[in-house]
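**Q** Just passing along the structure, written as structure tokens.
Quick note: the coordinates plus some simple rules give every number you see, no bench work behind them. All of these numbers come straight from a predicted model, not from anything done at the bench. Positions of Cβ are backbone-derived with ideal geometry, glycine not excepted, and every protein chain shown enters the neighbour counts.
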Amino acid sequence: HVTGARYGATIKAKSGFNGTMAIIGSGSQNDFVSGGLDSVNFNCNNTATIGLNFGGNGTSNAVAGYNTTGVNVTGCLTAGGVASNNAWVLSFYNSAFWANTGDGFQILSASSNSGENISFYGTIFANNNGNGLTIQNIDSDGSAHSVFCYGCSIDYNGQWGVQVGTSSSAGDVIFSAEGSHIESPQQFLLNYGFTTLNGTYMTNGTKSGSLGYLINNQGYLTWSGGRIGNGGSGQIL
């Protein structure tokens with residue numbers, strides 16, 4: 001378990017560094033990786049590709065039961081955070097993945113266990129040039145399911161607020177947002193999988209996106225107790 005000095009603890013990439021700031025779990029480890037990361041800021045400095053990589057580069061080990069609390073990740077070229085390679089049962093509390101050149105956070109399921117049971121509580125995905133949150137199966141064994149977002153803020157991202165699956169690889173991608181907020185000058189939700197929205201508020205969507213629609217639903221969408229405010233000319237496709 002790694003604990004920083006809260007606002008005073010920042011790890012910043014040196015200019016020219018194009019790697020990953022922190023790898024949690026790698027192919028050299030033989031056992032499950034558990035524990036937590038608390039109150040550390042990661043600044044990719046617009047040069048590092050990824051801030052936090054859960055699963056590293058290996059496939060034989062597993063990152064499970066790992067908690068991340070009060071962590072801020074910014075300035076990353078590919079994504080602020082990535083979960084793949086047998087990374088599952090991860091929890092994030094009061095953290096922020098913001099102002100990254102790429103996505104805020106990517107869940108890239110590459111095996112039967114990766115991308116499974118990942119929960120975000122009060123987490124911010126904001127001001128990223130790509131998607132706020134991307135959930136995707138990247139091979140035939142992927143099962144990026146049971147991804148939950150409780151009280152999250154997914155605001156002002158350059159592409160989609162949340163992308164659930166792709167046209168070629170939706171698989172069993174399952175996403176649920178409870179009491180969350182999506183505000184963006186771009187698009188709200190691109191869904192190829194199975195998405196449930198409960199009490200989620202979407203507002204200030206202005207970009208036309210796909211045929212002028214702020215929600216592009218190509219899969220299964222269940223929505224209860226939420227609303228769209230100040231939308232563009234098109235709402236849901």
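**Q** Count the net charge of all other residues whose Cβ sits under 12 Å from the Cβ of N45, scoring Lys and Arg as +1 and Asp and Glu as -1.
**A** Net charge in that neighbourhood comes out at +2.
**Q** Given labels modelled 7 Å from the Cα in the Cβ direction, how far is it in nm from F17 to Q218?
**A** About 3.7 nm, to one decimal.
**Q** If you count, for each residue, the other Cβ atoms within 10 Å and average over each peptide, how do 14-24, 72-82 line up from highest to lowest? Display every interim value, and only then the final one.
**A** Working: 14-24: 14.7, 72-82: 24.6.
Packing proxy ranking, top to bottom: 72-82, 14-24.
**Q** Between N45 and A5, 0.36 nm times their residue separation minus their Cα-Cα distance comes to what?
**A** Details: separation 40, 0.36 × 40 = 14.40 nm, distance 2.01 nm.
Contour length minus Cα-Cα distance gives 12.4 nm.
**Q** Rounded to the nearest 0.05, what FRET efficiency is calculated for D172 and L77 with R0 set to 22 Å and r the Cβ-Cβ distance?
**A** Working: r = 29 Å, r/R0 = 1.34.
For D172 and L77, the calculated efficiency is 0.15.
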